[in-house]
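Below is one structure, written out as structure tokens; the observations come after it.
Each reported figure results from applying straightforward, stated rules to the coordinates on display, with no laboratory input. In this text, all values refer to a predicted model and were calculated from it rather than measured experimentally. Positions of Cβ are generated from backbone atoms using ideal geometry, with glycine treated the same way; all protein chains shown enter the neighbour counts.
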Amino acid sequence: GEDVEQSLFLSVREGDSSVINCTYTDSSSTYLYWYKQEPGAGLQLLTYIFSNMDMKQDQRLTVLLNKKDKHLSLRIADTQTGDSAIYFCAESIYNTDKLIFGTGTRLQVFP
Amino acid sequence: GAVVSQHPSWVICKSGTSVKIECRSLDFQATTMFWYRQFPKQSLMLMATSNEGSKATYEQGVEKDKFLINHASLTLSTLTVTSAHPEDSSFYICSAPWREDSYEQYFGPGTRLTVT
């Protein structure tokens, strides 16, 4: 079955880059996503990448996809305190709109 | 981006009662919506797919008689937790793709259910 794993916690200094990693198992996923969740709130779509791409950049965000290793990462440049949140990667199940979410990484940014 | 709302945002109910949670797509029509459940400090687990005009599709292990889903219109899906128990306390989140062939899904803000 599908399984999406992330490291649980990441702490970075303000202004540094953050890299959040994700491994997934379903090689037939069409899209892979990164969502942000702030305390007590719903999910905000940050970015996504199509499975035939290996990189996507969107302002401070860079997504890298290694399809061979089924590894996805999100790099946040110049991390700010407002970036503190839980970040979820998610993969789409082939030919459906269903999403399988990772375990979530709590990013803490300190001054 | 597209907006999905949920109501209520927070509800407390007594054991044995039922509670209804609404999910609305505010500026688009959604033939499909999804319901997720999130336990504290855990990930989201897909519960079911809500289909407009037909029965919902439940994920393995989710009790369909416990979690009743109705998708009566193209902008509204409801989740009713029947005969609630304390273990049903959780954060319930809905989502909808903003068009049928879209890869973008928009999530509601979530409903926190506490069963006492």
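Do we find that B:GLN6 is outside any strand (DSSP E or B) and touching a Gly at 6+ places or on another chain (Cβ under 8 Å) in this structure?
no
Is there a residue being within 14 Å of chain A (Cβ to nearest Cβ), free of Cβ contacts under 8 Å to residues at least 40 places away in the same chain and in a strand (DSSP E or B) anywhere in the stretch B:75-91?
No, there is no match, as no residue in the stretch B:75-91 is within 14 Å of chain A (Cβ to nearest Cβ), free of Cβ contacts under 8 Å to residues at least 40 places away in the same chain and in a strand (DSSP E or B).
Could you check, for the stretch B:70-84, whether at least one of its residues is in contact with a Leu (Cβ under 9 Å, 6 or more places away or on another chain) and closer than 21 Å to A:ALA90 by Cα?
No, every residue in the stretch B:70-84 fails to be in contact with a Leu (Cβ under 9 Å, 6 or more places away or on another chain) and closer than 21 Å to A:ALA90 by Cα.
What do you reckon, is B:GLN29 part of a loop (DSSP other than H, G, I, E, B), closer than 23 Å to A:SER92 by Cα, in contact (Cβ under 8 Å) with a residue 12 or more places away in the chain and polar (S, T, N, Q)?
Yes, satisfied.
Let me spell it out: the conditions are (1) more than 11 Å from every other protein chain (Cβ to nearest Cβ); (2) under 18 Å from A:TYR24 (Cα atoms); (3) not hydroxyl-bearing (Ser, Thr, Tyr), and A:GLY102 meets all of them except one. Which number is the exception?
(1)
Go through B:ARG112, B:ARG99 for me and flag whichever is within 11 Å of chain A (Cβ to nearest Cβ), closer than 22 Å to A:PRO39 by Cβ, of a type outside the set (Phe, Trp, Tyr) and outside any helix (DSSP H, G or I).
B:ARG112 is the lone residue from the list that is within 11 Å of chain A (Cβ to nearest Cβ), closer than 22 Å to A:PRO39 by Cβ, of a type outside the set (Phe, Trp, Tyr) and outside any helix (DSSP H, G or I).
For B:GLN38, indicate whether it is within 11 Å of another protein chain (Cβ to nearest Cβ), touching an Asp or Glu at 6+ places or on another chain (Cβ under 8 Å) and surrounded by 17 or more Cβ atoms within 10 Å (Cβ to Cβ).
No.
Residues that are out of contact with any Asp or Glu (no Cβ under 7 Å at 6 or more places or on another chain), under 27 Å from B:ALA96 (Cβ atoms) and in contact (Cβ under 8 Å) with a residue 60 or more places away in the chain: list the strands (runs of 3 or more DSSP E) wholly contained in chain A that include at least 3 such residues.
Per the criteria, A:31-37, A:85-92.
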